[in-house]
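The values are calculated or read from the model by the stated rules, or taken from the named source; none is laboratory data. Just so we're clear, the structure is a prediction, and the values are computed from it rather than from any experiment. Neighbour counts are summed over all protein chains in view; Cβ atoms, including those assigned to glycine, are modelled from backbone coordinates with ideal geometry. Accessible surface is based on the protein model in full, side chains and every heavy atom, while ligands, DNA and RNA are left aside. Shrake-Rupley method; radii C 1.70, N 1.55, O 1.52, S 1.80 Å.
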Amino acid sequence: MMWSISPHTLQTTYPSECIVFEDATAGIEAAKKAGMTAIAFGDPSEFVAADFCFSDFDAIGKELLSKLF
């Protein structure tokens, strides 16, 4: 699944309002340095900098996503 965001929307979005879904430690680190919420997929011991870590995308509940948005 891919989500598309228009350039107009991106111009008015602050990093603190963004959520990054990532499966690499470098991506998590970049998201955190940019001030974004980082959700990792994989082993939690590998993603200590992530705000949340899940085994896969299906493990994320609607309740968590609704709180983040």
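Structure notes:
- Among the residues of this structure, residue 31 counts as one that is touching a strand residue (DSSP E or B) at 6+ places or on another chain (Cβ under 6 Å), open to solvent by less than 90 Å² (accessible area, probe 1.4 Å) and in a helix (DSSP H, G or I).
- The test for being over 20 Å from residue 69 (Cα atoms), open to solvent by 70 Å² or more (accessible area, probe 1.4 Å) and modelled with pLDDT under 95 does not hold for residue 7.
- For beta carbons closer than 9 Å, sequence separation of 6+ or different chains, a first residue in the range 10-24 that is within 15 Å of residue 35 (Cα to Cα) and a second that is at pLDDT below 90 and in a loop (DSSP other than H, G, I, E, B), the qualifying pairs are 13/5; 19/69; 21/60.
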